[in-house]
Amino acid sequence: IETVLESLRLGDDSLRQIMQLLEQEMDTGLSPATHAKADVKMFPTYVRNIANGSETGQVLALDLGGTNFRVLLVNLLPQGEVELTSKIFVIPQSIMLGEGVNVNEK
């Protein structure tokens, strides 16, 4: 097992190069000027702080996975309690294998 694992280990220089390339791709994905050609598509979330549990209100969450599109309504209640309502939609094979633009048109 160690012999197999050794071939998968990366050195510090390789890890730094991967980090640099990933950061460059994320920057490309975030920029409006280069977003269309980015390999890593990024969208700004405008999240400014980490939640501390005192938040209240409703949040709509959208989760586009490999086969399903999940819509969640999260109701943040006092004392950090949460109510969750969700609905799952199956994504047709034709859309899963088609161009990404088609998903937004449906």
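Values in this text are rule-based calculations from the coordinates and carry no lab data. Nothing here was measured: the structure is a model prediction, and the numbers come from that model. With ideal geometry, Cβ positions are generated from the backbone for all residues, glycine too; neighbour counts draw on all protein chains shown.
Just add up the charged neighbours of L76: K/R +1, D/E -1, any other residue whose Cβ is under 14 Å from the Cβ of L76.
-3
In what order do V40, V59 fall by count of nearby beta-carbon atoms within 10 Å, going from fewest to most?
V59, V40
Specify the angular offset, from 0 to 90 degrees and rounded to the nearest 10, of the alpha carbon long axis of helix 12-30 from the longest principal axis of the alpha carbons in the chain.
40 degrees
Any idea what the relative contact order of the chain is, in percent, if you count C-alpha pairs under 8 Å spaced at least 6 apart?
Rounded, it is 14 percent for the chain.
Restricting to Cα pairs below 8 Å that are 6+ residues apart, what does the relative contact order work out to for segment 1-44? Please round to a whole percent.
Contact order relative to length: 25 percent.
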